[in-house]
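These notes are about the structure you will find just below.
The values are calculated or read from the model by the stated rules, or taken from the named source; none is laboratory data. This structure is a prediction, so every number in the text was calculated from the model and none was measured. Glycine gets a Cβ as well: all are built from the backbone with ideal geometry, and neighbour counts include every protein chain shown.
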Amino acid sequence: MEVSAVLATGERIVEEDSMVKQPPLATIQQADYDEDARFKKAKTGLHHFGALDTGTRSNAGDMEDADGEFEIPKAAIKKRKRKEKRRSRLFPSFDVEPSAIKDKINVADLRDLVLWILADGVAPKWLSIYNKLGISHIATILVPGLTPDLFGVNLDAIQPVSTSAIVSKMPQELSFIRDHFEHLWPTRAPGDRTKLFSPMTAFMNSPLTKADKNFLQKNGAAKKNSVYCSDNVPLKNFLMSAEELLDGDYPIHSATVVADDDDREELEEGWVETAPRTADQTHEKKGTIMVQNIYRVYGLDCEMCLTTHGSALARVTIVNWNREVVMDELVLPDNPITDYLTQYSGITAKMLDNVSTTLSDVQKKLTSIICSDDVLIGHSLENDFKALKLRHPTVIDTSVIYHHSRGLPSKPSLKWLAQKFLKKEIQQLKNGHDSAEDARTCIDLVKLKIEKGMEFGTFIPTTEPLLRRLARSAANTSGGAETSSRNGRGAVVDYGNPAQWHGTDARTIVSCRNDDEVVSGVVNSIGQHDLVWARLREVEFNRGWVAYYGQKKERREKAVAGKSGDNSEDTNGSAEDTDVADGKASPTDGDLQSCLINLNKRLKQIWEGLPPATAMIVMSGSGDPREMSRLNAMRTQFTEEFKTKKWDEVSVKWTDTENQQLIEATKVARAGVSFIAIKEPTDHES
C-alpha cells in the first residue's frame, strides 16, 4: 500500500509538487543498510566514491590529501546528507519543543497518543510525530513507584525536562532511561483536589466519540422502549454465560460448557460442587419456590472473618424467592480467628462461642438444598463461592446485570443499588452487615429487572475499552482488519488475572507472578500485537505503595494508625495483589537501589526485544499515594464517628489544617512521570 510520509499536523510531505512515497519499512531499512555499507567501504578505500556519483572508477589514493589524510569527496558528503534527510522523513520519530508546552500532560494524553498512532484518534498538540504510519507497535509499561523527586524534578514542573540536563540528579541505576529517552515528561494522574483516580482505568478506557454516543442513545432508547412494553423478561436472560463466569474469576463447575478444557480444573481437596436434582429434591420440598415454572431460585450471601490463614467463612445465609430464610448457619473456621471484622461482618466472638459447625458441615447441608440447575443469586458471588469452596454453574450476579454509573469495568456496590433502584437503605447496622438482608436485596433487584426489562439499571457508556477501540478501528479501515496495516490486536501482561479487570478485550492475556515473567510476556507478545500493555511492580512493592491504594473500610483504621495493612484493590489496578507481596512502609536506600538496578535491567531487556520502529512508553501512572490515603482514611473515620458522637468523643479530629494537608498530599499523589521513545534500527539493521 502506497502512503505518504505524514507529520503530526496531518500535513503530507511534498517534494517537487509530488508526494514522497513511502516504501515498506523493511525496504527502507535495507536501502539504508546498502548505502551505509557503500559509505563505510569508501572510507577504507575498498570502494571508489567516484562510482557513486559519476559512474567512473578512481584510485583509492585519490581520496588522500597531500598529508596522507583520508578525505571524503564533497559529493559523497552531500549524498550522505540527502540520505539522512530522506531517512529522517521516512523513519518515524517524535519531536518536541518544550517551550511550546503550557500545561502538564496527563495520563489521558498518553492514551490519546496511542489512539492517534494506532487508530482514529486526534493528533496531539504537545508532541509532533513524523510518519506515524511507520510506527509498527507500541509497548506501554506502567512502573508505579517512579516519582519526580527521584529524578530531581520539581513537583510543579510542567514542561518536559531534557534527561541530559538532569543526569547528575537522576538515579545512576537507571542508565537505560538516561540513554534512550530524550525527555522526562511530568505527568498528571487523574483525580480531584482530594482524591486520586485510577491511572490504569484512565489509560485503558477511551471516551466515545459524539457519533458513537448518538448511535448508542438512539439504539439504546429504542431497545429499552421495546423491552419495557413487553412481558416479563425470562429469568434465563440474566444467567451468567460461561465466558462471564471465567472473566469474573468464578470457580468453574464441571457441567459448565467452556471453549477450553484447561479452564475446567480438577475439584481440589476440600471443595464441593452442586449435583443434578434427584427424586427427593422436588419443588414440594420445604422452602422451594418455582419461578416461571422452571427454576428454583435462591439468594445467597456470606460473611467472613480473618484467621491466621487469611479470610474464612463465618456465616452463610440462603433465602428463597419469597425472601424466606432457608438456611442460616454460623461457621467456626478451621484456623484461629485474628479479627472478627465485626463492624463489617456483624460477627462477634460471643456469637461463635458455642458454634461447632464446620465448613464441611455447611457444604453438606447446602448441597442437600441446592442442585446444579437451581439458580443462585448474589452480589459478586465469586467471593462467596471461594469462601464456601463451592462450584455452581447457574448464577445471576447483581453486580453484572446492573451497571456502575461510571460504566465498565467499575462495578456497583449492593448498598448503592439498593439506594438507587429499591429506594431503601441497607447495611446501616452499627454492628455490621446482615447476610439475610443482603441476600433478600439481591432477590429484590432481580425481580425488579424481570419487571422493568433488560436495559433497566444499565447506563449508556461514555467510554469504551482502549483495546476494543483499537480492534474496532482496524476493522473499519479499508479492506478490513485482515488486510489493514494495523491488526487491532492488544495484549495485556500483568500480575494475577488481567482478564477479570483491564484485559477484558485483549487478544492475548499473560498472567504473571513477578516482573521477570512480565518482561518475557512483553517480548513474546509485541511482534503479533499493535499494542502491548504491561506493569512492572517491584519498585511499587518496595516503596510500600500497594496497601495504600483504594483503601477499603476494613483497612481504614490501620491506615489511620500509619500501618500498611494487607494488600487490597489498588488505584493502579485490581484486587490481584493478594499473595503477591506486602508493601514495606519504609524501604531502605539499599532496597530501593537494588530494585532500580533490576528495573533498569528489565526495561533494557524489553527494549532489546522490541522490533524496530516500536514506540515505548514508560509511565509511573501516579506519584506517592500514601499520605493522601492516610489522610482520606482519617477523614472518613471522623465523618462516620461524628454522625453518632460529639466532637470531644471522636477518636480523630478533622479541621481545616488536616484538609489543607490532604490537598497538598493529593498533589504529590497525582504527580507522575513518563518517558517516550521510538526504537530505531540497530547498527546492523540500519
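So here's what we get for this one:
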read-out: Qualifying residues in the stretch 234-269 (those that are in a loop (DSSP other than H, G, I, E, B), modelled with pLDDT under 85 and in contact with an Asp or Glu (Cβ under 7 Å, 6 or more places away or on another chain)) - the one surrounded by the fewest Cβ atoms within 10 Å (Cβ to Cβ); value: 267
read-out: The stretch 388-447, subset in a loop (DSSP other than H, G, I, E, B) and among the hydroxyl-bearing types (Ser, Thr, Tyr), residue nearest to residue 324 (Cα to Cα); value: 394
read-out: Selected residue [among the hydrophobic types (A, V, I, L, M, F, W, C), surrounded by fewer than 23 Cβ atoms within 10 Å (Cβ to Cβ) and within 20 Å of the chain's Cα centre (by Cα)] from 157, 189, 202; value: 202
read-out: Within the stretch 643-683, considering residues that are touching a residue at least 12 places away in the same chain (Cβ under 8 Å) and more than 29 Å from residue 153 (Cα to Cα), the one nearest to the chain's Cα centre (by Cα); value: 681
read-out: Any hit, the stretch 307-315, residues being assigned to a loop (DSSP other than H, G, I, E, B), at pLDDT below 95 and surrounded by fewer than 21 Cβ atoms within 10 Å (Cβ to Cβ); value: yes
read-out: Yes/no for residue 361 being free of Cβ contacts under 8 Å to residues at least 60 places away in the same chain, over 20 Å from residue 235 (Cα atoms) and either in a helix (DSSP H, G or I) or not assigned by TED's automatic domain parsing to the domain that holds residue 244 (or both); value: yes
read-out: Answer residue from the stretch 634-660, given it is among the hydrophobic types (A, V, I, L, M, F, W, C) and assigned to a helix (DSSP H, G or I) and is surrounded by the fewest Cβ atoms within 10 Å (Cβ to Cβ) among those; value: 647
read-out: Cβ-Cβ under 8 Å pairs, at least 6 apart or on other chains, the stretch 265-276 side free of Cβ contacts under 8 Å to residues at least 60 places away in the same chain, far side aliphatic (A, V, I, L, M); value: 265/252
read-out: Any chance residue 275 is modelled with pLDDT of 85 or more, more than 31 Å from the chain's Cα centre (by Cα), part of a loop (DSSP other than H, G, I, E, B) and in the same structural domain as residue 434 (by TED's automatic domain parsing); value: yes
read-out: Count - residues of the stretch 460-479 that are part of a helix (DSSP H, G or I), of a type in the set (S, T, N, Q) and either modelled with pLDDT of 90 or more or under 16 Å from residue 111 (Cα atoms) (or both); value: 1
read-out: Of the criteria (1) part of a helix (DSSP H, G or I); (2) closer than 23 Å to residue 490 by Cα; (3) modelled with pLDDT under 95, which one residue 113 fails; value: (3)
read-out: The stretch 480-518, residues that are surrounded by fewer than 19 Cβ atoms within 10 Å (Cβ to Cβ), modelled with pLDDT of 90 or more and in a loop (DSSP other than H, G, I, E, B); value: 513, 514
read-out: Residues that are more than 20 Å from residue 345 (Cα to Cα), surrounded by 19 or more Cβ atoms within 10 Å (Cβ to Cβ) and of a type in the set (A, V, I, L, M), drawn from the stretch 401-430; value: 401
read-out: Filter pass, residue 338 being of a type in the set (Ser, Thr, Tyr), surrounded by fewer than 18 Cβ atoms within 10 Å (Cβ to Cβ) and closer than 20 Å to residue 426 by Cα; value: no
read-out: Where a residue in the stretch 197-217 is closer than 28 Å to residue 621 by Cα and modelled with pLDDT of 80 or more and its partner, wherever it lies, is among the small types (Gly, Ala, Ser) and assigned to a helix (DSSP H, G or I), with Cβ under 8 Å and at least six apart; value: 202/108; 203/108
read-out: Residue match in the stretch 347-357 (condition: free of Cβ contacts under 8 Å to residues at least 60 places away in the same chain, buried (at least 17 other Cβ atoms within 10 Å of the Cβ) and among the β-branched types (Val, Ile, Thr)); value: no
read-out: Any chance residue 578 is modelled with pLDDT under 95, of a type in the set (S, T, N, Q) and in contact with a Ser or Thr (Cβ under 6 Å, 6 or more places away or on another chain); value: no
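Yes/no matrix, rows are residues, columns are (1) outside the structural domain of residue 197 (by TED's automatic domain parsing); (2) in a helix (DSSP H, G or I); (3) on the phi > 0 side of the Ramachandran plot:
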{"position": "621", "(1), (2), (3)": "no, no, yes"}
{"position": "630", "(1), (2), (3)": "no, yes, no"}
{"position": "662", "(1), (2), (3)": "no, yes, no"}
{"position": "672", "(1), (2), (3)": "no, no, no"}
